[in-house]
Structures are given as structure tokens and as C-alpha cells.
Amino acid sequence: MNAHQHEIAITAARMVVEEGLDFGSAKRRAAKQLGLPPRTALPDNEQVEREVEDYIAIFCADTQPAELHALRTLALQWMERLNRFHPHIGGAVWHGTATQHSDIYLQLFCDDPKSAELALINQNITFEPRHVTGLHGEKVDALSIHAFCTAFNGYIGVHLLIYDLDDVRGALKPDARGRKPRGNIDDLRQRLAT
């Protein structure tokens with residue numbers, strides 16, 4: 001990693017933690033804020049994640065564990081609610097770098113992609129359908145919900161990414177750091193218990 005990439009990673013990490021930006025948006029905004037040329041090479045997500053971990057350890061060590069616990073608790077409630085869709089949790093809430101500004105990302109693995117949407121409608125849950133980049137870089141359907149979090153006395157974004165049931169096998173391959181990239185309900189319960 002060169003000096004510019006390191007600067008971008010540090011600045012982006014602050015934006016991720018303090019503002020809840022996703023890594024891509026944070027890296028682009030950090031490069032612009034630092035006055036770097038548009039074609040400057042950006043750090044990869046792993047580099048930014050390491051800086052996020054450092055930032056949390058230095059500036060948020062007293063508050064972040066409770067915030068993470070609240071987000072994991074809310075995520076577990078939604079996973080239990082949507083249990084028939086084989087929910088898995090990923091992102092910052094799963095990896096332990098989430099703060100109160102972070103959203104929750106759940107992957108649902110369904111026989112019929114519309115079944116999750118119908119389940120939300122039947123439960124009178126308001127959602128916003130959209131398309132996002134999925135596990136393998138392809139566009140997937142996502143249902144975004146504003147869920148009330150009592151610990152924060154406010155709303156948190158819960159994003160349900162919809163996949164075919166067969167996609168669950170490929171979703172569990174270890175990431176670049178050798179970690180499990182997402183977990184099911186039992187995995188999340190285990191993290192909450194420790």
C-alpha cells in the first residue's frame with residue numbers, strides 16, 4: 001500500500017465509523033477530500049477494514065461494544081422473524097466493526113425470490129425494493145427496512161439481500177483474511193453469548 005492509499009484508508013475508516021458510509025463511498029469521498037487526482041489508486045476493502053478496527057480501538061473502545069451488541073440483538077430479532085428464508089448476517093455487524101451508524105445486512109436464501117417480499121407484506125412491514133451488488137458482483141434484489149432500535153431510540157437500516165436457495169453454499173467460503181464471511185442464526189447467537 002502506497003502513502004496515498006494509506007491516507008485514503010485512514011480517512012475512509014473515520015467516515016465509515018463516524019458516518020456509517022459503505023467502504024466504496026468512503027474511499028471515493030476520502031480521496032476527494034484529500035485533494036487527490038480522480039485516478040488515484042484506492043486501497044482495497046481489507047485495508048480499510050483494518051483501519052476501521054484501529055480507529056474503533058483508539059476512539060470508540062468505550063462505546064462500540066455496547067453498540068455492536070445492540071445491533072447484533074436487532075439483527076437476531078429480524079433473522080428469527082425471517083427464519084424460513086435461511087437468513088445469514090454479514091458485514092460490519094457480523095465482523096464486529098459496527099457502530100450505531102452502521103446498517104444491518106442480511107442475506108436471505110429463498111426458493112422463490114418473491115416469497116420474502118410477500119412475507120414482509122403479510123406482516124405489514126414497509127420496505128423499499130432496490131437492486132444492489134451481490135455476493136459475486138452481480139445485481140440482486142434487496143428489500144430495505146427502517147427498524148426501530150430501542151438501545152439507540154432511533155431507526156437502523158436493515159437490508160435484506162435476496163438470493164436463490166442454492167447460493168448459500170458459495171456464500172460461506174472464507175474471505176481474504178480466512179474468516180467466515182457471514183453466519184446463520186446459531187452463529188450470531190454464539191457471538192452474542194460471548
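We did not get these values from a lab; they are worked out from the coordinates using the rules stated. Keep in mind the model is a prediction, meaning the values are calculated, not measured. FYI the Cβ positions are ideal-geometry reconstructions off the backbone, even for glycines, and counts take in every protein chain you see.
Before moving on, here are some points about what is shown:
- Mean silhouette area of the chain, derived from the convex hull of its C-alpha atoms and averaged over all directions, reads 11.5 nm².
- Two-site label geometry, HIS4 and TYR155: point separation in nm, points 7 Å out along Cα→Cβ: 4.0
- Arranged from fewest to most other beta-carbon atoms within 10 Å of their beta carbon, PHE148, PHE109 become PHE148, PHE109.
- Anchor LYS27: aspartates and glutamates whose Cα lies under 19 Å away (excluding residues fewer than 8 positions away in-chain): GLU7, GLU18, GLU19, ASP44, GLU46, GLU49, GLU51, GLU53, ASP54, ASP103
- Excluding same-chain neighbours fewer than eight residues apart, the lysines reachable from LYS114 by a Cα-Cα span under 18 Å are LYS139.
- The value of relative contact order for the range 1-107, using C-alpha pairs under 8 Å at least six residues apart, is 28 percent.
- Simple label model, 7 Å out from Cα along Cβ direction - HIS136 to ASP167, nm: 1.0
- Relative contact order of the chain, pairs being alpha-carbon contacts under 8 Å that are 6 or more residues apart, as %: 19
- Label point at ARG28 placed 7 Å out along Cα→Cβ; residues across the range 119-134 whose backbone nitrogen lies under 17 Å: 131-134
- Average Cα contact separation per residue, the range 115-194, under 8 Å, 6 or more apart, as relative contact order %: 17
- Exposure proxy for ARG169, ARG130, ARG72: other Cβ atoms within 10 Å of each Cβ, ordered fewest to most, give ARG169, ARG130, ARG72.
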